[in-house]
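Below you'll find the structure, written out as structure tokens, and then a few comments.
The values are calculated or read from the model by the stated rules, or taken from the named source; none is laboratory data. Here the structure is a predicted model, which means the values were calculated and not measured. Virtual Cβ from ideal backbone geometry, glycine too; neighbours counted across all protein chains shown. SASA here: full protein model, heavy atoms, side chains in, ligands and nucleic acids out. Shrake-Rupley method; radii C 1.70, N 1.55, O 1.52, S 1.80 Å.
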Amino acid sequence: MLSFPGGHQPRYNDFSIRAISDETLREGGERAPYGADDSRKLRLIEAITNAGVTDIDVGSGITEAAFVRNVLDAKYLMGRIPERTEFSFNLTLKTWEPLCEQLARNIPREYLKEMYVSIGMIEIDSENKLFERVAERLRSIGVGRLRSSLLNAFSGTVDEDKYAHLNAQIERCRQQGISLIRINDSVGTLLPDATAILAANLVHDNPDITFYLHGHNDRGIGTANSLISVFHGFQMIEGGVAGVGNRAGLAELESIATVFAERGIGVEAAPLDVDKLSAAARLSEEVFLAAPDPYRAVSGFLVENENAGIVNVPDYLGVSRPVEYFLNRIGLFPVYIRQILAEAGADPGMLKDDELIQRVYERLAEQMDELYARKRAEYDRISADVKAFYADMVRLQDVQTTALEVIRERADAEVAAAVGA
């Protein structure tokens, strides 16, 4: 198995990385069952970039090239996006031909020379050097900068053979002048210990390459893996606001920014604003028609609500943080009713009235029971509506059905034409 290179020292505090790369737009668009309209997507880009994120992967679909033109116009002509922002368009060697055509058709060469195109699936048809030919084709239409995305199905660890194969692909990128490479944990099975060893070795063996991890959250550790990657040498970090990404999502950028602030980790491209990233995370739910998550770390709209009763351990420990308090049946105790009234400045005589405190307790308990019954019924309705909302999607069988419809329509047209003749 792969082990740490000799002399490797991790870094956990007080260092800087090059930039944050955002995948919200690309993978959010890929994951969203119903897509998203361009005006809302542009608002989301503005929100993310104004929070300090400077590297945006903006799309991968046939229609996205036209959207990229609108985004670049918003940056260069309208000044709606910070000048420091860089954009990347994603294509794979399965989709390169129509996407190259769309890029050349929709985006002026003066824009193409300023943006990145990221090439994925570079192993396809390698015996005929397809990757190298596509790179040349992109340069011929005016694309000024290339990066690559290397796909991997890690199995929790990284063995010597897989590592050697990965380095062979990095060498192919190097030969094309590519020095910015994303390492994909494509199915989200990489574990933090293996991430540490992988990052340390890649940086040690490839000092001329800037790496960042595409950490999927299928096992709930995408954010942890992404942080581990920079602790062990990667020079960029990537994710999505609200953890937006395919399947269970990617690393949460607002969580990463919070850890960076606590650890003194800087971003050379621009400072990060956690509050603005959290607002962008909530906006992403609206843009991609995702059910709001009230308890998502950092950016969930209820995560700063805390039970004021006995279960409130942070207050007991003296932890200072912004909090809005509530009470429920679990946290309802006469002693806390007395404390809350005292902190509100109640008369000392009132606080000594045990009967009063008990009646307040009973009245609140009754209100809470009634509230629960009403909210239980509301939740059941909302839950059913949310599940029904996501029930309608275009599935693979719809491709076959649509193909059959087209074939029948074409046959009917041929028959009609023959009769007319």
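General remarks:
- Here the dipole of the stretch 122-267 is about 500 debye; that uses its Cα centre as origin and unit charges on the Cβ of Lys and Arg (positive) and Asp and Glu (negative).
- Subtracting the Cα-Cα distance of Asp347 and Arg376 from their residue separation scaled by 0.36 nm leaves 6.7 nm.
- Accessible area per residue was computed with a 1.4 Å probe on protein heavy atoms; Glu306 scores about 50 Å².
- Selected from Lys276, Lys41, Lys113 as most flexible by GNM, with the chain as the system and alpha-carbon contacts under 10 Å: Lys113
- Rh (Kirkwood; distinct C-alpha pairs) - the chain, Å: 24.8
- With every protein chain in place and a 1.4 angstrom probe, the accessible-area ranking of Tyr163, Tyr336, Tyr12, largest first, reads Tyr12, Tyr336, Tyr163.
- Inter-label distance for His8 and Asn305, nm, one decimal - labels placed 7 Å from Cα along Cα-to-Cβ: 4.4
- In Hz, Karplus ³J(HN,Hα) per residue of the stretch 109-126 (6.51, -1.76, 1.60; θ = phi - 60°; x = Gly, Pro): 4, 5, 7, 4, 5, 9, 9, 8, 10, 9, 9, x, 6, 6, 7, 4, 6, 5
- Long-range HN-HN contacts of Gly144 with modeled amide H, under 5 Å: Lys113, Glu114, Met115
- Ala418/Tyr34 FRET efficiency (R0 51 Å; Cβ-Cβ; nearest 0.05): 0.80
- Based on the Kirkwood approach, the hydrodynamic radius assigned to the stretch 170-263 is 13.3 Å, with every pair of different Cα atoms included.
- Estimated distance in nm for a label pair at Arg247 and Arg84, the labels positioned 7 Å out from Cα along Cα-to-Cβ: 3.4
- Cross-linked pairs Lys41/Lys113; Lys75/Lys129; Lys41/Lys375; Lys352/Lys375; Lys75/Lys276; Lys41/Lys94: Cα-Cα separations exceed 27 Å for Lys75/Lys129; Lys41/Lys375; Lys352/Lys375.
- Candidates Gly35, Gly331, Gly243: whichever shows maximal mean-square fluctuation once the chain is modelled as a Gaussian network with Cα springs under 10 Å: Gly331
- Per-selection metrics, the stretch 31-175 (Cα): Rg and Dmax in Å: 16.6, 50
- For Glu362, the accessible surface of its heavy atoms amounts to roughly 100 Å² (probe 1.4 Å, protein chains only, rounded to the nearest 10).
- 5 angstrom amide H check on Ser16, placed H, neighbours 5+ away: Gly266
- In this rough spin-label picture, where each label sits 7 Å from Cα along the Cβ direction, the Leu317-Ala153 distance is 4.1 nm.
- Put His214, His8 in order of accessible area, highest first, and with a 1.4 Å probe you get His8, His214.
- Charged-residue dipole, Cβ positions (Lys, Arg, Asp, Glu), the stretch 147-219 about Cα centre, Debye nearest 20: 320
- Positive-end ranking of Asn128, Leu146, Tyr212 along the dipole of the chain, with charges on Cβ about the Cα centre, is headed by Asn128.
- Across the protein chains, with a 1.4 Å probe defining accessible surface, the residues Ser88, Ser155 rank Ser155, Ser88 from largest area downward.
- Ala261-Arg359 FRET efficiency (beta carbon distance; Förster radius 45 Å; 0.05 resolution): 0.45
- The 3J(HN,Hα) values that the Karplus relation (6.51, -1.76, 1.60; θ = phi - 60°) gives for the stretch 197-206 are, in residue order, 5, 4, 4, 4, 6, 4, 5, 4, 8, 9 Hz. Gly and Pro appear as x.
- Length added when fully stretched, Ile124-Glu405, from 0.36 nm per residue minus Cα-Cα: 97.9 nm
- Cα centroid of the stretch 170-239 to Cα centroid of the stretch 128-151, whole Å: 21
- Dipole orientation for the chain: of the candidates His165, Gly222, Leu277, His165 has the Cα lying most toward the positive pole (charges on Cβ; Lys, Arg +1; Asp, Glu -1).
- Cα-centre dipole for the chain with unit charges at Cβ (Lys and Arg positive, Asp and Glu negative), debye to 20: 720
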